[in-house]
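Below is one structure, written out as C-alpha cells, with a few remarks after it.
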Amino acid sequence: MIQNKLSFHQSSASLEIIGLPDYSNNEIKDQISIISQWKLTIADKPLIEGKIEHLGPIMNAFYIYSNLLIKNEIPIYESKLIDIKAENLHIHNILLKSSKPNVKPLVLKIGNSLLSDTINCFDQLNESPKVRIKKTDIPIKIAKKLRFGLNKNVKFFNFFIPPFIAICSLILFSSSFIYFYSPFENIEKKELISPE
Amino acid sequence: MTIWKLRNNNPLRKSYVTNNIKLNEFDALIKITVEMSKYLYPYIREILKSKEDIEENSVIWDDFNKRFIELIKERFNIDSMRVKKLLNQAENDEIIVKSLLILSFCISNQGYQKLKNFLYDF
C-alpha cells in the first residue's frame, strides 16, 4: 500500500510526516491518521526521526520550552526523551535520548532563528486538516479561565506561605523560652515560706 | 486614523492619552501585529540569526538596535524609568530578543490566539 507523505516547511526547518488514512473511519485517501514515520530536518544539523509515540513528546518539549523562554522563567525542559536548555540568550542546547540501548544521545545546538522555524513547522502540522494526530497538551490549548486559575493558585501560595513560615518559626523560637510548671519546685518554695 | 489614535494608549509614549482601549480595538491591534509578523518573518529571523554567531559581526542586529533606540528617543517619554531601560544597550538585548521571539512564534493561522494568550500571561 502506498503511504501518504506530507511536508511542512519554514525557512531552514522542514517536517515530513509519512502515514496512511484510517479507512475504517471513512477517511479520504490524502488524509494521514496512522503515522508510521516522521522526520525533522534542520539545516546543517543531523536528521531527527522517530516513532509516532516520540513526535508528541518532542513537540510538547519545544512548545513548553518556548513558553518558558518568553515568560521570563528558567528555560529548562527535561524529560526521558529530550532535554532542552538555554546556553545563553541566543543559543539553545537540545539533547535527544534514544530509546534503543547503547545509542549515544544526540546533541544539537540551535539558535533562536532555528527554534522559531521548528516551532512554526509544528504549528503547521497542528493546523493541517490533512493530518490527524493525537493532540498534544500544548499551552495554547489551555483554556483562559483555567490558566488564570492556575496563576491565582500560585499567587495564593506566594501570598500566604511567607507569613505562615514566619508564624511557625516564631512559635518554634518562643517555645524554647516557655516556663514549664514543675510541682516539685513549688513544694520546695512552700516549705521555704512556712518552715513548719 | 483610528490606528494612529490607538497608538496613543501606550503609556510609554510622549503623546499618551488616558483612553481605555476597548476589547475589539485590542483584538484588532493583535490581528494587525500578527499579519505584520507574517509579512516580516524573514527579517525578524535574520535579526535573531545575526546575533547567534559571536564570531561573526552582527551588523543586522546593530542596525536594528540603533533604529530601535532612535525611534524610542523620538516617540517615547524618555524620562520614564521603563523607557530608560529600553534605551540602555546593556539591558535591552533581552527585551528585544524576547519581543522578536514572541512575534516569530505567532505567524501561523492560529497566531492571533497565540499572541493573545502570550499577552494575557504577561
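Quick note: the coordinates plus some simple rules give every number you see, no bench work behind them. Predicted model only: the values in this text are computed from it and were never measured.
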Exercise. Taking one equal scatterer on every alpha-carbon of the stretch B:40-90, how large is log10 of I(q)/I(0) by Debye at q = 0.17 1/Å?
Worked result: -0.60
Exercise. Which of rounded, prolate, oblate describes chain B, given a ≥ b ≥ c as roots of the alpha-carbon gyration tensor eigenvalues and a/c under 1.5 marking rounded, otherwise prolate only if a/b is larger than b/c?
Worked result: oblate
Exercise. What are the aspartates and glutamates whose alpha-carbon lies under 18 Å from the alpha-carbon of A:Lys130, with same-chain residues fewer than 8 places away excluded?
Worked result: A:Glu16, A:Asp22, A:Glu27, A:Asp30
Problem set entry | Length released on extending from B:Ala28 to B:Gln113, taking residue separation times 0.36 nm less the Cα-Cα span | 29.4 nm
Problem set entry | Gain upon complete extension [A:Ile165, A:Gln3; 0.36 nm per residue less C-alpha separation] | 52.2 nm
